[in-house]
Amino acid sequence: MRAFGGIDWASDHHDVALVNQDGALLAKARISDDLTGLQQLLDLLTEHGDNEKTPIPVAIETSRGLLVACLRATKRPVYAINPMAAARYRERHAVTRKKSDQLDAMVLANVLRTDTAAHRPLPEDSELVQAIAVLARAQQDAVWDRTQAGNKLRSHLREYFPAFLTATQPLRDGLCSPIARTILAAAPTPARAAALTRAQLRSLIKKAGRKRSIEAETERLHASLHAPQMHQLPLVEEAMGLQTVTLLRKLEAACTSADELAEAAVETFEKHPDAEIITSFPGLGALTGARVLAEIGDDRSRFADAKALKAYAGAAPVTRASGKSVAVMARRVKNQRLASVGYVWAFSALTASPGAKAHYDRRRNDGDRHTAAQRNLFNRMIGCLHHCLTKRIHYDEATAFPASADQQLSAAA
């Protein structure tokens, strides 16, 4: 008789329940979050018929952690159930809304018993793509941290040193650029910045790694930092300068983390056989390609077709129909990381692909706003990516946008 497993996980222990096809409880246990607990779980599964040919599927409310990683390494099907969905299933077993860890484990096991087809097991991604996912997601988090730290520092400088924001605005990356961070560390107040000589500024610019137009940049920054401006009271200005140094340390750490993780993610991504196919697409570089591969993985059975991948990425719209009311709207439940890189991909493709630009312009002319037109372009591009990865072929502009290719040939003639 087939069995189904459920695990209610916690930080230091996990509750396990096994049920049969009729929903009867076969076994329950509480295991520790260590090697001993894992062995206890594997013994329990083996005792109830788990083997290499017919493994017992296991449901759990997370896709991360050592326990999940070890279960996936043993090739057992692991289902990550959304906690909100699990809460709705619990109401089928306890209308009084009672709750316990053991009940939650049993509910998860029954989710698989009754609705296995409605849920997907965690994909069987390769070890390499799992490493890429760790690095790409960490790098994306570091970029978000860098943005947050930069916004905090910018807001603080606006209170007492707006001239520095004006001076660094023309720089690439603005306040996050190496030149801006180096100068601000040396002169965190307007008074200290105004005391910087051309020679000191030139030295700081070189220290930041600038190789070209050093003299022109020195003159521009010198004029901007020495221009008359409003000041806080002297003691207040010094205190705010100290706070700037503290905020700058956080920004420096975030920038360093983002750069180091980006280098590691790209290096690992380029080892993957899918890297050449992914980067053949216009608008996708090594780093954005690593982010895309991190979210879609390399288990090609994960998505039944391109439509499933589009829904997962949030590129496909959602239709809500009830009676005579029909509404088509943007998809909110999606992989947020993949959707985020999708907008960057679509925006970059506008300058790299004539077909993508024509597609975007056509959607705009039909009444779409900028975001909707970008999302529609992302929908088209990720569908092409699914096809190319499945067929193991590179991107071809004429195949992706045949109408645009015909227009180009007509113009050339």
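Quick one: angle between helix 402-412 and the longest Cα principal axis of the chain, in degrees between 0 and 90, rounded to 10, please.
40 degrees
Scan the stretch 297-401 for trypsin sites (Lys or Arg not before Pro) in coil per DSSP, keeping those whose Cβ has at most 15 other Cβ atoms within 10 Å, and list them by number.
Those that pass, being in a loop and sparsely packed, are Arg300, Lys324, Arg332, Arg369, Arg392.
Amide H to amide H under 5 Å from Leu26: which residues, 5+ apart in sequence or cross-chain, H placed 1.01 Å off N in plane?
So Leu26 has HN proximity to Leu18, Val19, Asn20.
So how much slack lies between Ala117 and His387, counting 0.36 nm per residue of separation and subtracting their Cα-Cα distance, in nm?
94.7 nm
Could you run the Karplus curve 6.51 cos²θ - 1.76 cosθ + 1.60 with θ = phi - 60° over the stretch 101-109 and give me ³J(HN,Hα) per residue in whole Hz, x for Gly and Pro?
5, 5, 5, 4, 5, 5, 4, 5, 5
For the chain, what is the convex hull volume of the alpha-carbon atoms per residue, in Å³?
Output value, Cα hull per residue: 243 Å³.
Given labels modelled 7 Å from the Cα in the Cβ direction, how far is it in nm from Asp305 to Ser11?
So the two model labels end up 4.6 nm from each other.
Along the charge dipole of the chain, pointing to its positive end and built from +1/-1 on Cβ of Lys, Arg, Asp and Glu, which listed residue (Ala290, Gly23, Leu204) has its Cα farthest out?
Selected residue: Leu204.
Please identify the longest segment of the chain free of exposed GluC sites (Glu not before Pro), where exposed means a DSSP state other than H, G, I, E or B and no more than 15 other Cβ atoms within 10 Å.
The reported range is 125-269.
Enter the angle in degrees (range 0 to 90, nearest 10) between the Cα long axis of helix 234-269 and the first principal axis of the Cα atoms of the chain, meaning the one along which they spread out most.
50 degrees
Please list, ordered by chain and number, the residues whose modelled amide H lies under 5 Å from the amide H of Ile56; skip anything fewer than 5 residues away on the same chain.
Asn51
Using only the Cα atoms, what convex hull volume per residue in Å³ does the stretch 24-132 have?
119 Å³
Give me the 1.4 Å probe accessible area per residue for the chain, excluding ligands and nucleic acids, in Å².
54 Å²
Add +1 for every Lys or Arg and -1 for every Asp or Glu among the other residues with Cβ under 13 Å from the Cβ of Asp15, and state the total.
-3
So what's the back-of-envelope 222 nm ellipticity for the chain, counting only DSSP H runs of four-plus at -39500 (n - 2.57) apiece and dividing by all residues, rounded to 500?
-19000 deg cm²/dmol, from helical runs alone.
May I ask you to evaluate 6.51 cos²θ - 1.76 cosθ + 1.60, the Karplus curve with θ = phi - 60°, for each residue of the stretch 30-45 and list the ³J(HN,Hα) values in order in whole Hz, giving x for glycine and proline?
Computed from phi, the couplings for the stretch 30-45 are 10, 10, 7, 8, 7, 4, 4, x, 4, 5, 4, 5, 5, 5, 5, 5 Hz.
With a point put 7 Å past each Cα toward its Cβ, work out how far Glu260 is from Ala321 in nm, to one decimal.
Between Glu260 and Ala321, the simple spin-label model gives 5.4 nm.
Would you list the P(r) distribution for the stretch 135-237, with all Cα-Cα distances sorted into 10 Å bins from 0 and each bin expressed as a whole %?
Once binned at 10 Å, the Cα pair distances of the stretch 135-237 give 14, 46, 29, 10, 1.
The values are calculated or read from the model by the stated rules, or taken from the named source; none is laboratory data. None of these values were measured; they are calculated from a predicted model. Please note: Cβ atoms are built from the backbone with ideal geometry, for glycine as well, and neighbour counts cover all protein chains shown. Only protein heavy atoms, including side chains, enter the accessible area calculation; ligands, DNA and RNA are left aside. Shrake-Rupley method; radii C 1.70, N 1.55, O 1.52, S 1.80 Å.
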